[in-house]
1. Output the residues belonging to the range 60-87 that are in a loop (DSSP other than H, G, I, E, B) and open to solvent by 40 Å² or more (accessible area, probe 1.4 Å).
2. Which of the residues belonging to the range 144-169 are closer than 16 Å to Pro45 by Cβ and assigned to a strand (DSSP E or B)?
3. Tell me yes or no: at least one residue of the range 181-188 is part of a helix (DSSP H, G or I) and modelled with pLDDT under 95.
4. What's the number of the condition Glu41 fails, among (1) at pLDDT 95 or above; (2) loosely packed, with under 12 Cβ neighbours inside 10 Å; (3) under 21 Å from the mean Cα position of the chain (by Cα)?
5. For the range 92-115, does any single residue satisfy the condition of being surrounded by fewer than 21 Cβ atoms within 10 Å (Cβ to Cβ), under 14 Å from the mean Cα position of the chain (by Cα) and in a strand (DSSP E or B)?
6. When you look at Asp209, is it charged (D, E, K, R), surrounded by fewer than 20 Cβ atoms within 10 Å (Cβ to Cβ), at pLDDT below 95 and assigned to a loop (DSSP other than H, G, I, E, B), yes or no?
Amino acid sequence: MLNKAERLKKTKSPAPKVGAEHGDRLPPGQMLTEKFPILHEGEVPEYDLSTWDLKVFGEVEEEKVFSFAELQAMPQVNTVSDIHCVTRWSKFDTPWEGIRFSEFVKLLGVKPEAKYVMVHADHDYETNVPLEELMHDDVLLAFKYNGEPLTPKHGYPLRLVVPQLYFWKSAKWVRGLEFMTEDRNGFWENNGFHHFADPFKEQRFSGEDLPIPEDEWTKKEFD
């Protein structure tokens, strides 16, 4: 798992197949797919929803713990967004359903000095996102994809969706939100990936811009 960034950097990538018909919608270096590649490290977790919870802590007035039933009872919205993976695939018009993060945060008593969020997920995964980025209207704590509950391999029962950043920031299997005054790197950010991850700026790596191979996603499992 720790060697993934190094493997990606050392492998020569093909010339990306970018069609002019997509205009500014497709970020540079990305290839469009109609499928939904499945990429993750480690085992897919299994859950008992009667004991599953989401913890909110850090720079908040009071730490909170939400059960799955409590989250599902909150107002939910439907969004459609384009998503972009660091391994060079993009998928347009992906439909999600869940809690809009900008509404959820109103329940949390977040302190004014909180500027960043560390997203904690199973198994022992973390990724950092500026709080400002999480306030976009299409950023969700998502329960459903394409009208159906998330599959285990796509993050069941709850995943974050941050479509404006490379998709490793959209953590699967979310279990905690830590509000912070200062930024710190998460798992992949500590292992060579960019701390911010804007696909339109090709912010893939924290160091020099190096190629990522096509076969990192074309040979993976698809939905």
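1. Glu61, Glu62, Glu63, Ala73, Pro75, Gln76
2. Residues satisfying the conditions are Pro149, Arg159, Leu160.
3. There is no residue in the range 181-188 that is part of a helix (DSSP H, G or I) and modelled with pLDDT under 95.
4. Unmet condition: (1).
5. Checked against the condition, which is being surrounded by fewer than 21 Cβ atoms within 10 Å (Cβ to Cβ), under 14 Å from the mean Cα position of the chain (by Cα) and in a strand (DSSP E or B), the range 92-115 yields at least one hit.
6. In short, yes.
The values are calculated or read from the model by the stated rules, or taken from the named source; none is laboratory data. In this text the structure is predicted, and so the values were computed from the model without any measurement. Every residue, glycine as well, gets a Cβ built from its backbone with ideal geometry; the counts of neighbours run over all protein chains shown. Protein only, heavy atoms only, side chains kept; ligands, DNA and RNA dropped before computing areas. Shrake-Rupley method; radii C 1.70, N 1.55, O 1.52, S 1.80 Å.
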